[in-house]
Protein chains: 4
Amino acid sequence: MSGNTFGKLFQVTTYGESHGKALGCVIDGCPPQIEISADDIQSELNRRKPGQSDITTQRKEADIVEILSGVFEGKTLGTPISLIIYNQDQRSKDYSNIKDVFRPNHADITYQAKYGHRDYRGGGRSSARETAMRVAAGAIAKKYLNSHGIQTEGYVSQIGSISAEYINLTSAKTNKYFFCDESKLEELDAMFLELIEEGNSVGAKLGVRVSNCPIGLGEPVFDKIDADIAKAIMSINAVKSVSIGHVDNILDLKGSEARDEITKEGFKSNNAGGILGGITNGDLIELEFIVKPTSSIKSTGQTINTAGEEVKVEVTGRHDPCVGIRAVPIAEAMINLVLMDHLLRNQAQCGKVDQSSPFEN
Amino acid sequence: MSGNTFGKLFQVTTYGESHGKALGCVIDGCPPQIEISADDIQSELNRRKPGQSDITTQRKEADIVEILSGVFEGKTLGTPISLIIYNQDQRSKDYSNIKDVFRPNHADITYQAKYGHRDYRGGGRSSARETAMRVAAGAIAKKYLNSHGIQTEGYVSQIGSISAEYINLTSAKTNKYFFCDESKLEELDAMFLELIEEGNSVGAKLGVRVSNCPIGLGEPVFDKIDADIAKAIMSINAVKSVSIGHVDNILDLKGSEARDEITKEGFKSNNAGGILGGITNGDLIELEFIVKPTSSIKSTGQTINTAGEEVKVEVTGRHDPCVGIRAVPIAEAMINLVLMDHLLRNQAQCGKVDQSSPFEN
Amino acid sequence: MSGNTFGKLFQVTTYGESHGKALGCVIDGCPPQIEISADDIQSELNRRKPGQSDITTQRKEADIVEILSGVFEGKTLGTPISLIIYNQDQRSKDYSNIKDVFRPNHADITYQAKYGHRDYRGGGRSSARETAMRVAAGAIAKKYLNSHGIQTEGYVSQIGSISAEYINLTSAKTNKYFFCDESKLEELDAMFLELIEEGNSVGAKLGVRVSNCPIGLGEPVFDKIDADIAKAIMSINAVKSVSIGHVDNILDLKGSEARDEITKEGFKSNNAGGILGGITNGDLIELEFIVKPTSSIKSTGQTINTAGEEVKVEVTGRHDPCVGIRAVPIAEAMINLVLMDHLLRNQAQCGKVDQSSPFEN
Amino acid sequence: MSGNTFGKLFQVTTYGESHGKALGCVIDGCPPQIEISADDIQSELNRRKPGQSDITTQRKEADIVEILSGVFEGKTLGTPISLIIYNQDQRSKDYSNIKDVFRPNHADITYQAKYGHRDYRGGGRSSARETAMRVAAGAIAKKYLNSHGIQTEGYVSQIGSISAEYINLTSAKTNKYFFCDESKLEELDAMFLELIEEGNSVGAKLGVRVSNCPIGLGEPVFDKIDADIAKAIMSINAVKSVSIGHVDNILDLKGSEARDEITKEGFKSNNAGGILGGITNGDLIELEFIVKPTSSIKSTGQTINTAGEEVKVEVTGRHDPCVGIRAVPIAEAMINLVLMDHLLRNQAQCGKVDQSSPFEN
């Protein structure tokens, strides 16, 4: 299986260069008879798309998704679902300043080395624009998961050095930073003004929580669900770290303190983050990850060109001062794809087994 | 592909319960004509096996590996390589105390819920004993990688709250803690004495470095090499977090500081940890991960049994006060499996492309 | 991996219902730097498309293919290649006569039973129209294979009871039946006139030959190249049988007669059809297959409807009196996809091995 | 996924050279709680093993299978099942006559060319001995399928030019030729006496029937169940042809005759062989295949050696005059593996859909 396919049973294959004709994906293995419309997908895409506020890139993409196959009379057929977004902002532009130059912190240099040929326009396939199709595919998984009561919610808990003091998932849905602590919004506004002015960027820390996930998902010993979550999150552009459960102070705890003791009603704590031995335990799944500062910044940097000469480069145009913010819907989508795939995998092997919770009610 | 197979081209399938007849693996897709002997594999296994020092579990396993197929006249045939270790410490033992009880922080409860049937002896398939075959398979990858100059080296940089002040890979090879800062060894000895006395445990922080890795490995957008590394590491028992590159202070840096500028001779810094856009950039690969405290401890804990009744449980026998220590050879093996798989994947698609480094000499 | 993906390294995923918005495919794993244009693909599609002569269905589809991604400045990027054909003949039509009726010999009844929901328009995903994307993807493989000297050529050797007396590959390229024996063309014309008049159909026998295939392709013991060829051919609509090499009289031969003895210059015969032990031996690959009579015929047939009632059905519209004819470019495409995939698989595992022929030039 | 793994969800990986230490397999993805014992597997192996009658090779292998993992207290755990057979007839023998010679009709020459290194002892991995593990793995699938009422039965219908006049599955179980027409047994005895005397061999035609297979199995458009059956059968040593349904006279029939009309009670005929559009239709699955004459024969043949010199070769030892006979349990096993895999795949995607038959029972 090649590198642009995610999932083993709910299998998503994406394609598309940032400034090519279109972005798209094909989802194979989706159960039949799920009610789905373009609107279900569009509403998720709208949460991620650029040009929405003063703090994200001003590229204006309508990003209108179209369903080309696999859905008939409003319901999935069980055949491959094809989704497409045509690139509308694809004006002929002058790329001469980056055509032969490797922008620092970008994949320009590695794509050139690996393939010997690259689409330099907007980073081609290495652009974060690719993640739009993750969100689109994730929307179908979300529809199915929600109908089974499973909810996946992301949030931002730190931007640069401004850190949340509490995690309020409702707050995270009501501000443009997806920030989980509303008391920090003014501080954030001030920081962003400054960043935009100096053409610089910062990183962020994010989290995702899954509530109501059934017990029993995960396929040891390699496709443990935490392993697949780590891969899913680390595959998102600019992510450098991922953790499951409560790890911030775990090295200060002893085994007797870190373990989650068990009662009739459930676990007494959730340091494990909802996963034991690579299998969901029915508790809240909790994970966190860190996104590095945006690479595309105005601030002049030193690099080399394709001829091997040292040059200076400045990435013009407006860019996100913190790409981490838009990672919220992307991370939710990736987690939903992991859960959907594991639901089907579990159903395949253990579909006939009674997998009810060991806990009272 | 099912959950006990790792890799897409250098494909390792493992099997075996902790207290069953044997552990083994089958490696399919290995290139022919690699010189390999049982000794090459045994020497790696010896680095990981229990019963070696006073700080690891006293289970005495000879852990002698045997090659059953795929190697002829000292060289790989290109056919599947089968490796096996018979369990010799498999005495009939009394498991009545854990047969019907879910040990806290263990996979007992999730295996029971998922499969409705489990091998309770020593944790069955969920035991860390499973990782022996990762090390065995990794030894074959290591032989191949070393012959191409690629070196993978692991170390421990923190145990409980005792943290290294520097990373010395040579030191990590000469003490029983794989610890990278020799000045801390006495402190560690004291802590372990205490832990053993109270039957408790602590977690650890570890790292792996890969030197001389060629440019161009990694398959975007989902099988980025950092994504596959994250999965490989997170699939190891008790690992809760993984990071690539320098992330400890990354939220304090701006984009202009965090990026690695480029000169004719190479990158000026390595915050990226040797990977850009999911593809190796020829620089040192650097990663870190955190292992939670050992779950099997004497200290009595509260739990429920299979009948749903609340009970107390105490895990008897000697156990590792810190399982993280033995994770060093395991993590090295997993990284070697990832590198080997990606070498072959890169060779399949881009084998005809010139992938030389863009840097001078 | 789900059912709409073919190949493990040169991985083709297709989508699209017969009367939906579009048909398309995504090809992942294609080597970079292959020169490819829409024309290269279009010319193959033109060989297969309906409405070309009086003997194929009169559905008029322009079938114009568009490349949406993966090709830049005329060369493949190594990223996923997306191809699309919009359905232009998708007029709103009255499907009330087949909406609730299972046409005999069609997949209507099995799709309904499996998915509980189906696109009844033109057979939806089960239509042979799906094969257009196999031809499109195969065209890219063909470009690569041809540049390495490998030629794949198909032909028809029997239609109904009219059988070729010799196989002339050049003849097969110059008549509308792809028939390999020109002396039978008049007989065929007469038979087709009759079939069209009575609204009936016949089956066909076809063959494919691959010349100049390198030695060493095939991955025993399950992905033998003959096994993958059998699967590729049997997956084409209406194919019921596939054979490799000379099998017509093989049960009349003894082992001493059927084996291909070996000389310095090569094999003395080619009963094996170019494959030994599942691996190409450097000789001509020869295979044959049989296609059943077209299912969509005017002739009234007995069936049941979705309510379980017995009804009569007549499939109106013009249809191919022999679908086997158009299977020639489709079979060539499938064989090219198999060869391409195995070339990459062989390159991955054995790329460093000397695989020269054991024969004198 | 590499070439020694079969199946996507019920995934069987085999290993072992003919004269190596052992043959084995690992089955991953097997549902938990299936009752299975070594005896269930042994009884299938006994049907295939050599040395049983005067018409098969006299190699005496006890072929005792052992279960190493994945089964506990008599039931599958859901973890990988490891099966092993140690080679007991592995005496040190003189292989000098075939070490450097390519036996005609064997894989010697292609293995040498592909891998540049081969185990020449008894054909190494290319030996039909490999198929023992297919039968072993198939036995587990069979246990599960039988418990769901599905029966897979193979038979031989032609050996050399002696052809059955009817197909009686009961007869096929009671004679050493697995022959479905008992009236031919004397003729067969005479032919075999002659073949053994002259050290020669013949081919055979076989068939497999599956009764009581549920409707809905198969994953279009590439993993149609007939496509997977074709691959499964063609991957068996010496098989050269496979067909589904009634194809012998299909080119003499018109569409109106070949289609299977439908009534309330079911199909009026079964030319389709139980499969429509790549999905089982609930009717009897019927397939046939042809096996070429045994390659290992006494009769002297011309060939070359590894130095490229022309030499004569005679394969000494007793061999099966017709390997096709022992293909009966092997083919049954492969079909059971295909069915098992497709049952799980169907359960994964469509497990929640009502897939009851459209027919009145």
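The values are calculated or read from the model by the stated rules, or taken from the named source; none is laboratory data. This is a predicted model, so every value here is computed, not measured. Every residue, glycine as well, gets a Cβ built from its backbone with ideal geometry; the counts of neighbours run over all protein chains shown.
Quick grid of which residues meet (1) in contact with a Gly (Cβ under 9 Å, 6 or more places away or on another chain); (2) modelled with pLDDT of 95 or more; (3) under 30 Å from A:Val71 (Cα atoms); (4) surrounded by fewer than 22 Cβ atoms within 10 Å (Cβ to Cβ):
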site: A:Ala107; (1), (2), (3), (4): yes, yes, no, no
site: A:Lys114; (1), (2), (3), (4): yes, yes, no, no
site: A:Ser126; (1), (2), (3), (4): yes, yes, yes, no
site: A:Glu130; (1), (2), (3), (4): yes, yes, yes, no
site: A:Lys143; (1), (2), (3), (4): no, yes, yes, yes
site: A:Gly149; (1), (2), (3), (4): no, yes, yes, yes
site: A:Ser163; (1), (2), (3), (4): no, yes, no, yes
site: A:Thr174; (1), (2), (3), (4): no, no, no, yes
* Mind checking whether some residue in region D:260-277 is more than 7 Å from chain C (Cβ to nearest Cβ), within 30 Å of C:Ala258 (Cβ to Cβ) and in contact with a Leu (Cβ under 8 Å, 6 or more places away or on another chain)? -> yes
* Asked: Only one residue in C:Ser269, C:Ser356 is over 24 Å from C:Val208 (Cα atoms) and of a type in the set (S, T, N, Q). Which one?
  -> C:Ser356
* Asked: Residues B:Gly24, B:Gly70, B:Gly29, B:Gly78: which one is surrounded by 21 or more Cβ atoms within 10 Å (Cβ to Cβ), at pLDDT 95 or above and touching a His at 6+ places or on another chain (Cβ under 8 Å)?
  -> B:Gly78
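Residue-by-condition table, conditions (1) under 28 Å from C:Ile236 (Cα atoms); (2) assigned to a loop (DSSP other than H, G, I, E, B):
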| site | (1), (2) |
| --- | --- |
| C:Ser299 | yes, yes |
| C:Gly308 | no, yes |
| C:Val315 | yes, yes |
| C:Leu337 | yes, no |
| C:Asp354 | no, yes |
* To do: Looking only at region B:334-344, decide whether some residue is buried (at least 24 other Cβ atoms within 10 Å of the Cβ) and under 17 Å from B:Leu169 (Cβ atoms).
  => yes
* Residues being surrounded by fewer than 15 Cβ atoms within 10 Å (Cβ to Cβ) and at pLDDT below 90: count how many of those fall in region C:287-320. => 4
* Qualifying positions in region D:2-26 - within 17 Å of B:Tyr15 (Cα to Cα), in a loop (DSSP other than H, G, I, E, B) and not aliphatic (A, V, I, L, M) -> D:Asn4, D:Phe10, D:Gly16
* Asked: Only one of (1) buried (at least 23 other Cβ atoms within 10 Å of the Cβ); (2) closer than 30 Å to D:Val101 by Cα; (3) modelled with pLDDT under 95 fails for D:Arg259. Which number is that?
  -> (2)
* Structure fact -> Across region D:278-297, the tally of residues that are in a strand (DSSP E or B), within 24 Å of D:Ile325 (Cα to Cα) and at the interface with chain C (Cβ under 7 Å from one of its Cβ atoms) stands at 1
* Do we have any residue at all in region D:78-92 that's hydrophobic (A, V, I, L, M, F, W, C) and closer than 30 Å to C:Thr280 by Cβ? -> no
* Which numbered condition A:Asp260 misses (of (1) more than 24 Å from B:Gln112 (Cβ to Cβ); (2) among the acidic types (Asp, Glu); (3) in contact with a Ser or Thr (Cβ under 8 Å, 6 or more places away or on another chain)) -> (1)
* Considering only region A:229-259, state which residues are more than 7 Å from chain B (Cβ to nearest Cβ) and either assigned to a helix (DSSP H, G or I) or of a type outside the set (Gly, Ala, Ser) (or both). => A:Ile229, A:Ala232, A:Ile233, A:Ile236, A:Asn237, A:Val239, A:His246, A:Asp248, A:Asn249, A:Glu257
* Taking helices (runs of 4 or more DSSP H) that fall entirely within region A:92-178, which contain at least 2 residues that are more than 14 Å from chain B (Cβ to nearest Cβ)? -> A:96-99, A:131-147, A:169-172
* Structure fact -> The one condition A:Phe192 fails out of (1) assigned to a helix (DSSP H, G or I); (2) free of Cβ contacts under 8 Å to residues at least 40 places away in the same chain is (2)
* Can you spot a residue in region A:211-223 that is more than 9 Å from chain B (Cβ to nearest Cβ), touching a helix residue (DSSP H, G or I) at 6+ places or on another chain (Cβ under 7 Å) and within 23 Å of B:Lys224 (Cβ to Cβ)? -> no
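Residues are listed down the side, and each one gets a yes or a no for (1) within 30 Å of B:Pro104 (Cα to Cα); (2) not polar (S, T, N, Q):
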| residue | (1), (2) |
| --- | --- |
| A:Asn271 | yes, no |
| A:Asp283 | yes, yes |
| A:Thr294 | no, no |
| A:Thr306 | no, no |
| A:His342 | yes, yes |
| A:Gln347 | yes, no |
| A:Ser357 | yes, no |
